[in-house]
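These notes concern the structure reproduced below.
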Amino acid sequence: MPETVIFVDSAQGPLNAVLCLPDGPARGGLVLSDGSGPATRDDWQGVPGWLAERGIATLRHDKPGCGGSPGDWRTQTFADRAAEALGALATLRKHAGVERAGLIGYSQGGWISLLAAVTAPDQVDFVVTLGGPFVGMEEQERALLARVMRRHGLAEESVAAGLAWADERAARLAAGEDPDSVLESQARHAGADWAAVVDGGPYATAQELGFFARALSFDPAALLPFLGCPLLALFGGDDEHVPVERSLQVLGARLPARHRGLNGVGVFPGVGHMLYPVPPRDDISLFEQLSPAFLPLLGAFLDRVAP
């Protein structure tokens, strides 16, 4: 399947991208949206090729400031990323000649895909989220911090103290307090046994705290009732980063029924946040370690929404 290097226009400059086309006519298209942190156009491994073999064109691109692309992803809002995803979708349609096209996002990329679909319902035909929580940033991170502290063997009183600071930090940032001031308060906890978990990355610098503050108002549950296209939401059963049970509750309560029969939800046992075992093996590619049920389920969904 042919791959072509192209560019996606963005507010921070042209982003390096790769268009992967089927050998024959494409029946549909997907823009691949990465999660939080740095990411390049090469991070999706064998997924674009697998999709191309099934008639789906894909476009994947660098985040700003990664892979030789201009800009800095750390300065972006979720709205910036959603606009970027919609721009990538327009580029995909132009170069692949597809009518039916949607977005697939890992982790935070699931939030971005959902936001883009609600922002521009006439442009997004379907959405796939992979390990994308359906709760807000504060609840997601609180659940993660609690799990990690307990995995490290901390006593429950330490877990409670760490979560108390996480709650205070989020409240102060949400109220508009300067991240430098919050960081100064955080430094006073350096000797606590929970500090390495609760105060480490992505909370260790004022810039990271600023990024967290900008994301606090985002609520995927509030967007769900306005989603105008089919959704496939997939989770790893051993995902430490996402409160899977809560996400399923939110989906059950708020996902519109207008696409019943096309929507899908799946939880794969034995795999974590990125849908491969944790820890992964280092002697084979991550693509080969994906849950064996993931790609067939994705393919079945695409057969229905992009026949």
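As an exercise, identify the GluC sites (Glu not before Pro) in the stretch 95-164 lying in DSSP coil whose Cβ has no more than 13 other Cβ atoms within 10 Å. Mind showing how you got there, number by number?
Details: sites: E99, E138, E139, E141, E156, E157; in loops: E99.
Hits after loop and neighbour filter: E99.
Give, as a single signed number, the net charge of other residues whose beta carbon lies under 15 Å from the beta carbon of P269, with Lys and Arg counted +1 and Asp and Glu -1.
Working: positive: none; negative: D238, D239, E240, E245.
Here the charged neighbours net out to -4.
Roll a 1.4 Å probe over the protein chains and send me the accessible area per residue for the chain in Å². Mind showing how you got there, number by number?
Working: 12990 Å² over 307 residues.
Each residue of the chain exposes 42 Å² on average to a 1.4 Å probe.
If you rank M137, M274 by how much accessible surface each has, with a 1.4 Å probe, what is the order from largest down?
Working: M137 15, M274 65 Å².
The most accessible residue leads, giving M274, M137.
Anyone know which of A116, A26, A171 comes out most mobile in the 10 Å Cα GNM of the chain?
A171
Sequence-distant or interchain residues sharing an amide H contact under 5 Å with V128, placed H: which?
The list, which skips near neighbours in sequence, is L103, I104, G105, L232.
Any number yet on Rg/Rh for the chain, C-alpha, Kirkwood? Before the final figure, lay out each step's value.
Values: Rg = 19.5 Å, Rh = 20.1 Å.
Result: Rg/Rh = 0.97.
If you roll a 1.4 Å probe over the stretch 1-89 with all protein chains in place, what percent of the accessible area is carbon or sulfur? Before the final figure, lay out the partial values.
Values: 1740 of 3350 Å².
Of the solvent-accessible surface of the stretch 1-89, carbon and sulfur hold 52 percent.
Which is the longest stretch in the chain that no exposed loop site breaks, taking sites as trypsin sites (Lys or Arg not before Pro) with a DSSP loop state and at most 11 other Cβ atoms within 10 Å? Intermediate values should be presented prior to the final figure.
On the way: sites that count: R260, R281.
Longest site-free region, per DSSP loop and neighbour criteria: 1-259.
Of all accessible surface on the stretch 178-260 at a 1.4 Å probe, what whole percent is carbon and sulfur?
The nonpolar share, carbon plus sulfur, comes to 52 percent.
If you split all Cα-Cα distances of the stretch 73-176 into 10 Å bins from zero, what percentages do you get per bin, shortest first?
Answer for the stretch 73-176: a P(r) of 13, 33, 26, 17, 9, 2 percent.
Determine how large the accessible area of W50 is when every protein chain is in place; take a 1.4 Å probe and give Å² rounded to the nearest 10.
Accessible area, nearest 10 Å²: 40 Å².
The values are calculated or read from the model by the stated rules, or taken from the named source; none is laboratory data. Please read these numbers as outputs of a predicted model, since none were measured by experiment. Note that we place each Cβ from the backbone using ideal geometry, even for glycine, and neighbour counts take in every protein chain shown. The accessibility values were calculated without ligands, DNA or RNA, using every heavy atom of the protein model including side chains. Shrake-Rupley method; radii C 1.70, N 1.55, O 1.52, S 1.80 Å.
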